[in-house]
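Every read-out reported here was derived from the displayed coordinates using simple, explicitly stated rules and does not represent laboratory data. Computed from a prediction, not measured in an experiment: that's the story for all the values here. We place every Cβ from the backbone using ideal geometry, glycine too, and count neighbours over all the protein chains shown.
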Amino acid sequence: MFVPNQVFFTKGVGRHKDYLQSFELALRDAGVERCNLVTVSSILPPGCRRISVADGLKKIATGGITFVVMARNANKEPNRLIAASIGAAVPAETTQYGYLSEHHPYGETDEKCGEYAEDLAATMLASTLGVEFDPDTAWDEREKIYKMSGKIVRTFNVTQSAEGDKDGKWTTVVAMAVLLQ
């Protein structure tokens, strides 16, 4: 059984007249175009350590099966804003799993998209850990509650946004957590 013990987060954007080529260029921008990517659901394994993009890219093999949690968005409408974000919530207890979330909206800035993805991951982890909270309160208030509980040590996001190409080419954005062993 493959249980990742390292993760890195990357993002990219690509533009091309063909949809598939714009996706490949976004993967190239993220540094993972040489991998056979397999998307998985959103669990951050217990004790999984975050490493830098540079260190992570050294560990992937050309043509290798590479497991990722990926957010992806594309359009060919000039100037239309798209985004893709991975949110992460890391538990304080290293034997507990964390959460990753994917969010891929239209019309949201990096900041708004990233906060939403981070909120999703933190809320899933908080509910798993039994942290009491009101889901209708603002993210910044819930974030304080989550961290004050002592059960969630860190939340963050990696987000890529872009405006649609002015000439109507496909624009693709990706954000991903790359899981390694």
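From least to most packed, judged by other beta carbons within 10 angstrom and beginning with the fewest, E108, E77, E118 follow the order E77, E108, E118. Of the chymotrypsin sites (Phe, Trp or Tyr not before Pro) found in the range 77-172, no site is in coil according to DSSP while having at most 12 other Cβ atoms within 10 Å of its Cβ.
Cut-off under 19 Å on the C-alpha distance; same-chain residues fewer than 8 positions from K166 excluded. Which aspartates and glutamates are left, in chain and number order? Once the sequence-local aspartates and glutamates are set aside, what remains near K166 is D18, E77, E108. The phi-based Karplus calculation (6.51 cos²θ - 1.76 cosθ + 1.60; θ = phi - 60°) puts the 3J(HN,Hα) values of the range 57-74 at 5, 5, 8, 8, 9, 4, x, x, 6, 10, 8, 9, 9, 10, 10, 8, 8, 8 Hz, whole numbers, x for Gly and Pro. Peptides 39-46, 55-62, 88-95, ordered by how many other C-beta atoms sit within 10 Å of their residues on average, highest first, read 88-95, 39-46, 55-62.
Run the paramagnetic zone check for T128: 7 angstrom along Cα to Cβ, then residues of the range 92-121 with backbone nitrogen under 18 Å. So the set is 92-103, 117-121. Report the net charge of residues surrounding D165, where surrounding means a beta-carbon distance below 14 angstrom and charges are Lys +1, Arg +1, Asp -1, Glu -1. Net charge in that neighbourhood comes out at +2.
Over the range 44-181, Cα pairs under 8 Å with separation of 6+ residues give a relative contact order of 36 percent. The residues packed around A121, meaning those with a beta-carbon under 13 Å from its beta-carbon, carry a net charge of -3 if Lys and Arg are +1 and Asp and Glu are -1.
Taking the inverse of the mean reciprocal distance over all distinct Cα pairs, the Kirkwood hydrodynamic radius of the chain comes to 16.7 Å.
Size descriptors for the range 82-181, from the alpha-carbon set: Rg then Dmax equal 15.1, 50 Å.
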